[in-house]
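A short write-up of the structure that comes next.
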Amino acid sequence: MTDPFAPDATDIAILKLLARNAELSAAEVGRAVGLTQPAAWRRIRRLKESGAIAGRRVVVDRAALGFGVTVFLGIRLAARGRPALEDFERAAAAVPEVQTVQHVLGRFDYRLRIVARDIPDFERILRRRIMTLPGVGQVEANVVLSEERRPGPLG
């Protein structure tokens, strides 16, 4: 069975443009890749319908909102089994400071991305929210010192 949608070079160019700036209009995209506005709009719609474009995002500057510390937590659960995983995931996702919950292979079962105002705020989050989550066993914290954003596989 063949893939029902295989992007061509123009589709890839459109994806690169929109990955850098999702607010571009179809006319702006068309001018950049040598298409008319209607042709660019049709391609963008096809990319959305195929699932190649899954949505748009707003990039929030956490520091501008007072969240100056980002921490990655490795968490090994004390209990095993599907109910333990589901209970942990549900509870972790409900913590407002948890940005991502990733089920991973390796030394830990989960990796969480946590934002906090400062280190004392992170300690409060860790003690009062994370360590009380169901099934939490071993925890390892890695404080992010700096972060470089990359555009991803298309650019």
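The values are calculated or read from the model by the stated rules, or taken from the named source; none is laboratory data. No experiment lies behind these values; they were computed from the predicted model shown. Cβ placement follows ideal geometry from the backbone for every residue including glycine, while neighbour counts extend to all protein chains displayed. These area figures cover heavy atoms from the full protein model, side chains too; ligands, DNA and RNA do not enter into them. Shrake-Rupley method; radii C 1.70, N 1.55, O 1.52, S 1.80 Å.
Once the Cα atoms of helix 37-50 and of the chain are each reduced to a long axis, what angle between those two axes, in degrees from 0 to 90 to the nearest 10, is obtained?
That helix lies at roughly 40 degrees to the long axis.
Quick one: helix 9-20 against the long Cα principal axis of the chain, what's the angle to the nearest 10°, folded into 0 to 90?
Roughly 50 degrees between the two axes.
Show me 20-27, 48-55, 114-121 ranked by packing, highest mean number of other Cβ atoms within 10 Å first.
Sorting 20-27, 48-55, 114-121 by mean packing, highest first, produces 114-121, 20-27, 48-55.
Using the Karplus equation 6.51 cos²θ - 1.76 cosθ + 1.60 (θ = phi - 60°), what ³J(HN,Hα) coupling, rounded to whole Hz, does each residue of segment 126-140 give in order, writing x for Gly and Pro?
Rounded to whole hertz, the list is 4, 5, 8, 10, 6, 5, 9, 5, x, x, 5, x, 8, 10, 10.
Express the carbon and sulfur contribution to the solvent-accessible surface of the chain as a percent, rounded to the nearest whole number, probe 1.4 angstrom.
Taking all protein chains in place, the chain shows 53 percent carbon and sulfur surface.
Can you classify segment 9-49 as rounded, prolate or oblate using the Cα gyration tensor, where a ≥ b ≥ c are the square roots of its eigenvalues, rounded means a/c under 1.5, and otherwise it's prolate if a/b beats b/c and oblate if not?
rounded
Over segment 51-123, what portion of Cα pair distances is larger than 18 Å, expressed as a whole percent?
Everything past 18 Å amounts to 51 percent.
In square angstrom, what is the accessible area per residue of the chain with a 1.4 angstrom probe?
67 Å²
Can you give me the P(r) profile for the chain? Cα pairs, bins 10 angstrom wide beginning at 0, each as a whole percent.
Spelled out bin by bin, the chain gives 9, 29, 22, 23, 15, 3 percent.
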